[in-house]
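Visitor: Please read through the structure below; I'll follow up with questions.
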Amino acid sequence: MLEQLKELAQVAEAEIKAVGTLDELNDLRVKYLGKKGPIQEVMKNMKSLTPEARKHAGQISNEVKRTLSDAITVQKEALELAEITKQLAEETIDVTLPGKKTMRGRLHPLNAIVADIEAFFIGLGYHIAEGAEVESDRYNFELLNLPQDHPARDMQDSFYIDVHHLLRTHTSPIQVRTLEKACGQGPVKILCPGKVYRRDDDDATHSHQFMQIEGLVVDTHITMADLKGTLEALVKHLFGPEREIRMRPSFFPFTEPSVEVDVSCFACGGDGCSVCKQTGWIEILGAGMVHPNVLKMSGFDPEMYQGFAFGMGVERITMLKYGVEDIRHFYTNDLRFLEQFK
Ligand code: PHE
């Protein structure tokens, strides 16, 4: 019986050493060390032995089991090592291969202009304020001193959502919302960029959705000179230090007086060319002194506080700055157009 065990051990050990895969090794482990393995089988005959011999046979069988299980462990480690080595060899990375080129994005020209103008005004101590694109009639019109029958309220010009709500037609409602939050206490100094909507037919210079940047300053000693100085600095920043501005009388219900602001033509320097339609000047924005009614309705005492406000079209400024001749280019996302703004 002991002979039988030893023979078994030899055969098994040889088989274990010859095995080539971890799966096969596991099969052998089950075959030799499992409950129904040959060692167990041999040990069934132990009952017929003397106690002395039984003890001896037990020791031998344990020894055989240990030897086999050690052999399995050694073989397992060897196979695992071989597998990893093989995998490492197969998966070697050739660091000299050329990489895949990733496309790098960049700011959309409109967003780049907004960021530039924001940075300019932050430098002057302004805060950025934003509002919702869906506004109530009250904030978009009424609190901005736009009377009920004002043509800007016409269904023709605005996208109404219901009787009292519409897509904002300008960024001016943010003026009112900010003033209300200030509870009649100045100073207020904000810049409000955002999308606005109008029921215009799209063409080279009109878009039903475009962007504006609104500015508002309210304090106790604000004059038109502050407005002019601020806009002059902005224009020089945007179009070059040579540029000058001029103000023409205009009308907005929420400013009094109201002005239209022109910049001296950056294409011809003011002599007259096709860019400025031979006038030497290009209109760039609307502005004025905040109407006392607007201050009053927002909780500010117009006897104590004055302010100025301005609003400009981002597309228009960008088109002028880069000589873009069609506003629709900004929204059709043709890469050949966008890639020019590096
Ligand atoms: N809200 C005006 C517009 O959309 C622009 C503007 C803003 C004019 C502030 C004066 C003051 O045309």
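The values are calculated or read from the model by the stated rules, or taken from the named source; none is laboratory data. Just so you know, these numbers come straight off a predicted model, no measurement behind them. So basically every Cβ, Gly included, is an ideal-geometry build from the backbone, and we count neighbours across all protein chains shown. Surface accessibility is based on the protein's heavy atoms, side chains included, excluding ligands, DNA and RNA. Shrake-Rupley method; radii C 1.70, N 1.55, O 1.52, S 1.80 Å.
Visitor: Please find, within region 205-229, the residue that is nearest to VAL275 (Cα to Cα) out of those that are among the polar types (S, T, N, Q) and more than 31 Å from the chain's Cα centre (by Cα).
Guide: THR223
Visitor: Please state which of the following conditions GLN185 fails to meet, knowing it meets all the rest: (1) within 16 Å of the ligand (Cβ to nearest atom); (2) more than 34 Å from the chain's Cα centre (by Cα).
Guide: (1)
Visitor: Those residues that are modelled with pLDDT under 95 and within 24 Å of PHE308 (Cα to Cα), I need them from region 149-168; list them, please.
Guide: HIS150, PRO151, ALA152, ARG153
Visitor: Please find, among LEU28, LEU33, the residue that is open to solvent by less than 30 Å² (accessible area, probe 1.4 Å) and either in contact (Cβ under 8 Å) with a residue 60 or more places away in the chain or more than 13 Å from MET1 (Cβ to Cβ) (or both).
Guide: When all the criteria are applied, what remains is LEU28.
Visitor: Can you tell me which residue among ALA287, ALA233 is of a type in the set (A, V, I, L, M, F, W, C) and open to solvent by 20 Å² or more (accessible area, probe 1.4 Å)?
Guide: Of ALA287, ALA233, the one residue that is of a type in the set (A, V, I, L, M, F, W, C) and open to solvent by 20 Å² or more (accessible area, probe 1.4 Å) is ALA233.
Visitor: Looking at region 304-319, which of its residues are open to solvent by less than 10 Å² (accessible area, probe 1.4 Å) and either within 16 Å of LEU231 (Cβ to Cβ) or within 14 Å of the ligand (Cβ to nearest atom) (or both)?
Guide: Those that are open to solvent by less than 10 Å² (accessible area, probe 1.4 Å) and either within 16 Å of LEU231 (Cβ to Cβ) or within 14 Å of the ligand (Cβ to nearest atom) (or both): GLY307, PHE308, ALA309, PHE310, MET312, VAL314, GLU315, ILE317.
Visitor: Show the residue pairs that are 6+ apart or on different chains and have beta-carbon atoms under 6 Å apart, the first residue being within region 205-222 and closer than 25 Å to PRO302 by Cβ and in a strand (DSSP E or B), the second being open to solvent by less than 20 Å² (accessible area, probe 1.4 Å) and basic (Lys, Arg).
Guide: none
Visitor: Suppose the filter is open to solvent by less than 40 Å² (accessible area, probe 1.4 Å) and out of contact with any Asp or Glu (no Cβ under 9 Å at 6 or more places or on another chain); does ASN62 pass it?
Guide: No: the conditions fail for ASN62.
Visitor: Let me ask another. Return the residues of region 252-273 that are in a strand (DSSP E or B) and either more than 10 Å from the ligand (Cβ to nearest atom) or under 14 Å from LYS236 (Cβ atoms) (or both); say none if nothing qualifies.
Guide: GLU256, PRO257, VAL261, ASP262, VAL263, SER264
Visitor: Would you call LEU238 crowded, with 20+ Cβ neighbours inside 10 Å, within 13 Å of the ligand (Cβ to nearest atom), among the hydrophobic types (A, V, I, L, M, F, W, C) and not in a strand (DSSP E or B)?
Guide: Spelling it out, it is not the case that LEU238 is crowded, with 20+ Cβ neighbours inside 10 Å, within 13 Å of the ligand (Cβ to nearest atom), among the hydrophobic types (A, V, I, L, M, F, W, C) and not in a strand (DSSP E or B).
Visitor: Of all residues in region 320-332, how many are over 28 Å from PRO241 (Cβ atoms) and either open to solvent by less than 90 Å² (accessible area, probe 1.4 Å) or at pLDDT 95 or above (or both)?
Guide: Residues in region 320-332 being over 28 Å from PRO241 (Cβ atoms) and either open to solvent by less than 90 Å² (accessible area, probe 1.4 Å) or at pLDDT 95 or above (or both): 3 in total.
Visitor: Exactly one condition in (1) touching a residue at least 12 places away in the same chain (Cβ under 8 Å); (2) outside any helix (DSSP H, G or I) is not met by ILE117; state its number.
Guide: It fails just one condition, (2).
Visitor: Next question. Which of the residues belonging to region 217-230 are of a type in the set (Ser, Thr, Tyr) and either modelled with pLDDT under 95 or open to solvent by 40 Å² or more (accessible area, probe 1.4 Å) (or both)?
Guide: THR220, THR223
Visitor: So which residues in region 1-56 are of a type in the set (Ser, Thr, Tyr) and in a loop (DSSP other than H, G, I, E, B)?
Guide: THR21, THR50
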